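Okay, structure first, notes after.
Coordinate-derived values only; no laboratory data. Predicted model only: the values in this text are computed from it and were never measured. With ideal geometry, Cβ positions are generated from the backbone for all residues, glycine too; neighbour counts draw on all protein chains shown.
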Amino acid sequence: MKTLSKIGTGLTDEQFREIKGLADQHLSPQNQANSKYNFKKELKADVWIEPKIVLEIAADEISKSPSHTAGVALRFPRLVKIRRDKDWQQATTLQELKEIRQA
């Protein structure tokens, strides 16, 4: 797993409560998460969530990023919806994002 973006603005109160409720069900011990995921120190999260929740995110563009370990970042990301029909293994891959960026 690599970092790609952060999203925290533009959510309705209802969306925030729904995502928080889902996230609370999948909290991971921080010491375990630190060894499993690739992130830069300045992006270290306060809370770790196991990869069980898929969010559909829209963005204005995919840009090169020295800050995120994926090497790219979503510019102006915003929540479209929670994808209950997918698990994390069915989500868009980093390779697919890079191909979209080059198209």
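Side notes on the structure shown:
- Least to most buried among H68, H26 (fewest other Cβ within 10 Å first): H26, H68
- Point-to-point label distance, Q102-E18, nm (Cα→Cβ direction, 7 Å offset): 3.6
- Reciprocal mean inverse distance between Cα atoms of the chain - Kirkwood radius, Å: 14.7
- Part-to-part distance (alpha-carbon centres) for region 10-28 and region 67-101, which is given in Å: 18
- Mean separation of Cα contacts under 8 Å (6+ apart) over length of the chain, as relative contact order %: 32
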